[in-house]
Each structure stands twice: as C-alpha cells, then as structure tokens.
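Inspection log for the structure reproduced underneath, given as structure tokens.
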Amino acid sequence: MPFHISLDGHTDLAARIYRQLRDGILDGRLRAGERLPPTRELARELDVSRNTVAVAYERLTAEGFLSGHVGRGTFVSAEPVARAERAAPAGSGVRPVARWRSLPALPGEDRSAPAFDFRVGAPDPALFPLRTWRRLVGQALRPSLPPPSGYADPAGLEALRVAIARHIGAARSVRAGGEDLVVTQGAQQALDLIGRVLIEPGTRVAVEDPGYPPAERLFAAHGARITKVPVDAEGLDVAALAKGTRLIYTTPSHQFPLGTPMSLARRAALLAWAERNDAVIVEDDYDSEYRFSDRPLEPLQSLDRHGRVIYVGSFSKTLLPMLRLGFLVAPASLRPALRQAKQLTDWHGDLVTQAALASFIDEGLLARHVRKATREYSVRRERILAFVRDEPGDLLEVVPSSAGLHLCALLRPHATVTVDGLVAEASRAGVAVESLAAYGGTRAGLVIGYGLVGSDRVDEGLALLGESISAARGVTKG
C-alpha cells in the first residue's frame, strides 16, 4: 500500500528513509509480508538517487526488518518484531466543552462472548436472510441507469422512504407518506437530529425511569436538563411531568426495559399535556414488529391531531444493527430543519443499503422475515416464561409484556438473593444476563433477552441460570 515518506531538507536522505520505514514496521503501518516498492520506483517518487534508497533498504535488511527475494522484490520481514504502539499526541491542554466533561463515563463495552448470551438489544444474526440480502445489494450496485452525479437527498432514497411509509402504515397505522420521513443511521441518529433542532442548553427533557440510557445520554450531550419520570403499570406517569418540559422521550408500545404498553387513557393524557404545555413527544417504537399476543394499541403518532409527535423507528432489531438503518416521521413544521441537520451531519446515508432495503420491503421479504423471526422468538420467549414461573423457587415475577426481544422479571420482596450476586454467579457459569438497575428505576430484577440464544440451546442456558440462582442463595440443587 502507499506509504508516506517525508524528506524535507537535503541532509542524510538515506537515514531519513531508513528511520521512517523502520518506524512504520515497528508501529504496524507496514505489516509482515508486505511488499515495498522497488528501489528505482521509490527513488523516482521521492526525487532522490536510486542508491540513496538502496542504502536504506540494505540497512533495514541487515537489521532483519526487510528480506529480499530475487525476482519477487523486497518484503517486510515475517520474523516477529517488537511492536511499538503508535498514538496521537496527548493534547493535555485541549479540553471538550463543559457539558461533555460532565457526562457520565461510557459504560464498559463487554466484548466477551459468553456461552449463553441473554443480554438485550440484539437480534439473532442467524435468522437474517443473508443470501437474499446479498442479491439485493448486488442488484443495487447494478442500476439500469448511470447514477446521478453529486450527492443525494439528505432525507434518504425516495424509494425507501415510500416503502417505509407504506410498511409502517400497514403494520403500525402510522399516518405518513414518503415526504414525511427522514432515513437515518439507526434510531440513535434520529434522536440526535431531533436533539439538534429542538434542544438548546438548559432545555428540559423528560425521559422514562427506568428507561433507555443512550437516549438520555444523547439529550444530555446536547445540553438538555434531564428529568426522569417514573413509569407505572400504565406507562409514563403524565402527572409527574414537570412544568417547562419541552421534549418527552417515551417508548409507549413496549416500554424499555419493563415491556409494558402505555394504556390508551395515558396516551390521550400525554398528548393533551404536550398540547397544553407546548411540548414535543418523541415516540420510540422499537421492537414493535415482534408481537406475540394482544392487538397492539395505536401509536401516539396515529392519535396525534396537533403535530406534537415525532415517530422514531429502526431496522436494527428487525434485520441487523450493523446495517445502521432507521427513520423518523416528523410534523411538516419540523421537516426542513431535520433535513438540514441530516445534511450537515453526514449529508446522506449509504444509498446502496437503502436501495436494498427498499427492494426488501417492496418484494414482501421484510414481512415474511418478521413472521418467520416472530415464530422463532416466540419459542424462546415461552421457554423463558416457563423458567421464571417454575424454576427459581418463586423468586421472580414476570412483568406482563406481549412484544419485543426481551422480558423483565422483578425480584419478589421476600427474595433472599441479590440481583448483583445472581448476575455474578451467572457470569461465572458462562451465562450473560442483565440487572434492571442498569436502566434506572427503584425495583430489583433481571432483564432477559432472547435474541442471541437459539431455541436449541435456550433450555441449557436457562438450566445454568437456575443453578446460578441457587448458588447465589447458597443452596445446592439436588
């Protein structure tokens, strides 16, 4: 690959070439086995004599950094070489603005691969129709007409916006056409765009408690004054909203992480509160595709008559998080600003991926995939429900939920085990499960995801979790 060499000045050029190539080998920019350009070619590129380059190569070869092969060229030595870490300057005198310094530290990214991963937030990649997706991507890369020059619409590919509008209109009764949508890099970018156009330093933003930490952190990063609002059996407690709140983030269809839906009466109360107090509601309809019982209640967006709701959706759970595809549906009064914010952020997303998703929806493949995945997730969900009901000595109580990719189980008041102790015991057994406390609130419990443990392995993982509960209680199972 091209390797930059700087030769300012005219003294000891061979030594300069030597040092820069050696540093590149030591810090990994030039990897073992990589071919260097011939001496004549590099000399011409650097405007030095061929002999100057040859001297540098010979010294590196003598020291074991390079090896020459007649007829093939000069290569970075395959022999192990101690690597020095290459890093940018520390910049001790440079600081971010105050609100970024005051944010809590990022949670540790656990990149381990437990034998049984019951953590939340991820669909099963084994269910993703990779062969079909590869065909659609290939189709998108071979357009019938030459692609237009320049950049595309920041709101996203029109064909995808129309397809999404049709899909959410049929599946969720969302009232929208293609012009009402902005395609985003996942739901998180949708929330970021909303923050950019609606939040100023000091703006009061209400979030659910317990709730979704990435949304809270993002709004705080925009300078919002965060107010946590408790959630009860009917959803977000509207009566607890503080005067002066300008933005309300909620997950009414499948509250995160508890899983309960917001009642129709509470939805009506929230919409009325937003109208009286000149507030905007951000409705995150995550996981809405996976429903296992009951008829879903109408989204806030479809009940809204005053343009107070911004509806946010994502395909991260439906397909794969790595595709980074989401969207928002906004009132007409906000769309110009949101489109400008999108353009200033990244101009537009990956048009190839957007075109593939548009075809995936139009050919009926998304609906088929959701039906197939729902059947599979339903099996896993039923196994977990049975486990919580029968296994852990009546220590856990499932929070009623009829959708999504996880369940929440609260610790009963008489329980003799701590959640932290249980999670630690499970981790030692190779089972990853999360504490409800990671998402706020006051109740102790577990959040159990079923996106990453297949139905052929879920019983084994749950058996280990049951043993972990017994170990945490100090009881040996017979």
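Only the coordinates and a few stated rules stand behind these numbers; no lab work does. The shown structure was predicted, so the numbers you read here are calculated from the model rather than taken from an experiment. With ideal geometry, Cβ positions are generated from the backbone for all residues, glycine too; neighbour counts draw on all protein chains shown.
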Tell me, what is the FRET efficiency for residue 295 and residue 47 to the nearest 0.05, using R0 = 56 angstrom and their Cβ-Cβ distance as r?
0.15
Between residue 131 and residue 217, what is 0.36 nm times their sequence separation minus the Cα-Cα distance? Round to one decimal in nm.
27.3 nm
Please give the charge dipole size of the range 260-399, origin at the Cα centre, charges +1 on K and R Cβ atoms and -1 on D and E Cβ atoms. Round to the nearest 20 debye.
280 debye
The chain: angle of helix 50-62 to the longest principal axis, Cα-based, in degrees nearest 10:
70 degrees
Over its alpha-carbon atoms, the chain yields an Rg and a Dmax in Å of 27.9, 84
Quick check on the range 264-419: what does the Kirkwood estimate of hydrodynamic radius come out to from the alpha carbon pairs, in Å?
18.9 Å
With R₀ set to 60 angstrom, the calculated FRET efficiency between the beta-carbons of residue 272 and residue 63, to the nearest 0.05, is 0.20
In degrees, nearest ten, helix 351-362 long axis to first principal axis of the chain (Cα)
40 degrees
Can you give the charge dipole size of the range 200-263 about its Cα centre, rounded to the nearest 20 debye, using +1 on the beta carbon of Lys and Arg and -1 on the beta carbon of Asp and Glu?
300 debye
Find out how many positive minus negative residues lie around residue 154, taking Lys and Arg as positive, Asp and Glu as negative, among other residues whose Cβ is under 10 Å from that of residue 154.
0
Can you tell me the FRET efficiency between residue 374 and residue 463 if r is taken as the Cβ-Cβ distance and R0 is 30 Å, rounded to the nearest 0.05?
0.75
Simple spin-label model, 7 Å along Cα-to-Cβ: residue 158 to residue 367 in nm?
2.5 nm
Nearest 10 degrees, 0 to 90: what angle lies between the long axis of helix 335-346 and the longest principal axis of the chain (Cα atoms)?
30 degrees
Relative frequency of Cα-Cα separations exceeding 19 Å in the range 379-471, percent
32 percent
Expressed in nanometres to one decimal, the distance between label points 7 Å along Cα→Cβ at residue 386 and residue 142 is 4.7 nm
Work out, in µm²/s and without decimals, the Stokes-Einstein translational diffusion coefficient of the range 1-53 at 25 °C, 0.890 mPa s, Rh from Kirkwood over C-alpha pairs.
212 µm²/s
